[in-house]
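The values are calculated or read from the model by the stated rules, or taken from the named source; none is laboratory data. None of these values were measured; they are calculated from a predicted model. Don't worry about glycine lacking a Cβ; one is built from the backbone with ideal geometry, like all the others, and counts go over all protein chains shown. Accessible surface areas use protein heavy atoms only, side chains included; no ligands, DNA or RNA. Shrake-Rupley method; radii C 1.70, N 1.55, O 1.52, S 1.80 Å.
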Amino acid sequence: NAGVTQTPKFQVLKTGQSMTLQCAQDMNHNSMYWYRQDPGMGLRLIYYSASEGTTDKGEVPNGYNVSRLNKREFSLRLESAAPSQTSVYFCASSENEYGYTFGSGTRLTVV
Amino acid sequence: GQQVMQIPQYQHVQEGEDFTTYCNSSTTLSNIQWYKQRPGGHPVFLIQLVKSGEVKKQKRLTFQFGEAKKNSSLHITATQTTDVGTYFCAGSSGGSYIPTFGRGTSLIVHP
């Protein structure tokens, strides 16, 4: 029972490079989310998908794009990475308003 | 927009002492969730409170939801070193099931 799986776990990018963070859940949840966590800032919502085929902006969407590939998978893309995007990224899923299940995170450094 | 304030930001205790973190919202909440994040780990869902004045217990942890549904608290009795981590509250309101996370309280337990 894997829950929410994120890849990669660590990544170093140069400014201007692009990358996609992958997330998959096996709990048949409708909703999926991408958060970033910075020291002292808590968890800030980047994008979310309430159901397959829909995506919406969260609190801090600039510089990111997402794709809800199917019910299981929700990816986050950085088209042109900037140092301000250095952070820990968490994917999560939930069944509507119930508690979230988080993945183990991706630690991204942009140099 | 909705704001969820959490205090204190840090709390140092001696093992065996009690600990409380408080969460306050600028708006009436439909529900509040609590999460624990161990150092280097990911947030783990602890509990959800929905009813005004609700109190729930999990072993040494007591969760309360205020009568006005604008505040909540988490109390840990007789802390142990395994309680170390950051505790987040997350509240939903305004018909949206997407919660806003507080910035968390980091608990440090000294043996």
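Data for the structure
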{"item": "Rough spin-label spacing in nm, given labels placed 7 Å along Cα→Cβ, for B:HIS75 and A:ALA82", "result": "4.6 nm"}
{"item": "Rel. contact order, % - alpha carbon contacts under 8 angstrom, at least six apart, the range A:20-59", "result": "32 percent"}
{"item": "Equivalent-ellipsoid semi-axes of the range B:1-53, from the Cα gyration tensor, Å, largest first", "result": "23, 14, 13"}
{"item": "Whole-percent carbon and sulfur share, accessible surface of the range B:34-111, 1.4 Å", "result": "54 percent"}
{"item": "Residue of A:GLU52, A:GLU97, A:GLU79 that the Gaussian network model of chain A assigns the largest fluctuation, springs spanning Cα pairs under 10 Å", "result": "A:GLU97"}
{"item": "Cβ-defined net charge surrounding B:GLY40, 14 Å radius [Lys, Arg +1; Asp, Glu -1]", "result": "+4"}
{"item": "Sum of side-chain charges, A:ASP38 neighbourhood, beta-carbon under 14 Å (Lys, Arg +1; Asp, Glu -1)", "result": "+3"}
{"item": "Listed residue (B:GLN6, B:GLY104, B:LEU49) projecting farthest to the positive dipole end of chain B, Cβ model", "result": "B:LEU49"}
{"item": "Among A:GLN25, B:ALA78, A:GLN11 the positive-end extreme of the charge dipole of the protein assembly as shown (Cβ point charges)", "result": "A:GLN11"}
{"item": "Fraction in percent of alpha-carbon pairs per bin - 5 Å, the protein assembly as shown", "result": "1, 7, 15, 18, 18, 16, 12, 7, 3, 1, 0"}
{"item": "Too-long pairs where the Cα-Cα distance tops 29 Å, listed order kept, from A:LYS71/B:LYS59; A:LYS14/B:LYS36; A:LYS71/B:LYS70; A:LYS14/A:LYS57", "result": "A:LYS71/B:LYS59; A:LYS14/B:LYS36; A:LYS71/B:LYS70"}
{"item": "Chain-alone versus full-assembly comparison, the range A:70-111, residues with accessible loss of at least 40 Å² (1.4 Å probe)", "result": "A:GLU97, A:GLY99, A:TYR100, A:PHE102"}
{"item": "Largest-first ellipsoid semi-axes for chain A, taking √(5λ) over the Cα gyration tensor eigenvalues, angstrom", "result": "22, 14, 13"}
{"item": "Top of B:GLY40, B:GLY16, B:GLY94 by mean-square fluctuation, Gaussian network on chain B, Cα under 10 Å", "result": "B:GLY40"}
{"item": "Local net charge near B:GLY66, Cβ-Cβ under 14 Å (Lys/Arg +1, Asp/Glu -1)", "result": "+2"}
